Amino acid sequence: MVKRCDWATSSPAVQRYHDEVWCRPTHDERTLFEWLCLETYQAGLSWQTVLNKQAAFEQAFRDYDIAAVAAMQPTDIDRLMTNPEIIRNRRKLEATVNNARVLRDWPLPTPFSEWLWAFVGNRPIRHHFATTAEVPGTTDLAQHISREMKKLGFKFVGPTTVYSFLQAAGLVNDHLLDCDWAPENQQKG
């Protein structure tokens, strides 16, 4: 029997996300942008809701092509606000376009991925939690990154959203100790 973190058993979509995405390190800028966007949409909602709408969001935001999303105009947001297949929150949709523009016009000499991964010394942080109740909603690190992202112009990147993003992108690994996906439980080849 597969042992997953207890939050990841509610549906096949959540199980797939847990098994194939969550806490798996990614450095790909488009993928990082997508996970940041999805975590933005999740704020105040269930992750299941976001997963149910993920394909519609991919279509609406041109598969999270940073340049294409950055080129979107207010009329595009107005159009998206009529799309029942996505989460229609104007602030979150505007944040997606804004954040794409920040990435397109990245002001620092190192790429976004390198900048982000430098916060963890280019190595995922492994927490060793035994229960979901031990997993924090945010950390000092997430609060720091949130402040730095806001300074660069990112929107809708509060500490809780940033912490979830760090987990999704694999900078933080919060798989529970008895979970089959915890690094210490992986088969050594």
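The values are calculated or read from the model by the stated rules, or taken from the named source; none is laboratory data. None of these values were measured; they are calculated from a predicted model. Glycine also receives a Cβ, built like all others from the backbone with ideal geometry; neighbour counts cover every protein chain displayed.
Looking across the range 36-50, the residues that are crowded, with 22+ Cβ neighbours inside 10 Å and touching a residue at least 60 places away in the same chain (Cβ under 8 Å) come down to 36, 37, 38, 39, 40. Candidates in the range 140-189 are the residues that are in contact with a helix residue (DSSP H, G or I) (Cβ under 6 Å, 6 or more places away or on another chain) and polar (S, T, N, Q); of these, the one that is farthest from residue 51 (Cα to Cα) is 143. Restricting the first member to the range 2-19 and to residues that are within 19 Å of residue 34 (Cβ to Cβ), and the second to residues that are assigned to a loop (DSSP other than H, G, I, E, B) and among the β-branched types (Val, Ile, Thr), the beta-carbon pairs closer than 9 Å and six or more apart or on different chains are 19/2. Going through (1) closer than 23 Å to residue 182 by Cβ; (2) surrounded by 12 or more Cβ atoms within 10 Å (Cβ to Cβ); (3) at pLDDT 95 or above one by one, residue 96 falls short only on (1). I'd like to check something: does the range 27-50 contain any residue that is modelled with pLDDT of 95 or more and in contact with a Gly (Cβ under 8 Å, 6 or more places away or on another chain)? The answer is no; no qualifying residue exists. Remark: residue 176 matches the filter, which requires a residue to be touching a Cys at 6+ places or on another chain (Cβ under 9 Å) and surrounded by 21 or more Cβ atoms within 10 Å (Cβ to Cβ). Among the residues of the range 36-50, those identified as among the aliphatic types (A, V, I, L, M) and either part of a helix (DSSP H, G or I) or in contact with a strand residue (DSSP E or B) (Cβ under 8 Å, 6 or more places away or on another chain) (or both) are 36, 38, 50. Taking residues in the range 143-154 that are within 19 Å of residue 105 (Cα to Cα) and in contact (Cβ under 8 Å) with a residue 12 or more places away in the chain, and partners anywhere that are surrounded by 14 or more Cβ atoms within 10 Å (Cβ to Cβ) and charged (D, E, K, R), the pairs with Cβ atoms closer than 8 Å and at least 6 places apart or on different chains are 153/101.
Restricting the search to helices (runs of 4 or more DSSP H) fully inside the range 51-117 and requiring at least 2 residues that are free of Cβ contacts under 8 Å to residues at least 40 places away in the same chain and hydroxyl-bearing (Ser, Thr, Tyr) gives an empty result.
Say we look at the range 140-189 and pick out the residues that are acidic (Asp, Glu) and not in a helix (DSSP H, G or I); which of these is modelled with the lowest pLDDT?
Here the residue is 180.
If we keep just the residues of the range 128-157 that are of a type outside the set (A, V, I, L, M, F, W, C) and buried (at least 16 other Cβ atoms within 10 Å of the Cβ), which is nearest to residue 5 (Cα to Cα)? My answer is 138. Filtering the range 114-132 to residues that are at pLDDT 95 or above and closer than 22 Å to residue 42 by Cα leaves only 116. Within the range 48-107, the residues that satisfy the criterion of being among the acidic types (Asp, Glu) and out of contact with any Pro (no Cβ under 9 Å at 6 or more places or on another chain) are 58, 63, 65, 76, 78, 85, 105. If you check 34, 20, 29, 39 for being touching a Pro at 6+ places or on another chain (Cβ under 8 Å) and either closer than 21 Å to residue 171 by Cα or of a type in the set (Val, Ile, Thr) (or both), only one passes: 29.
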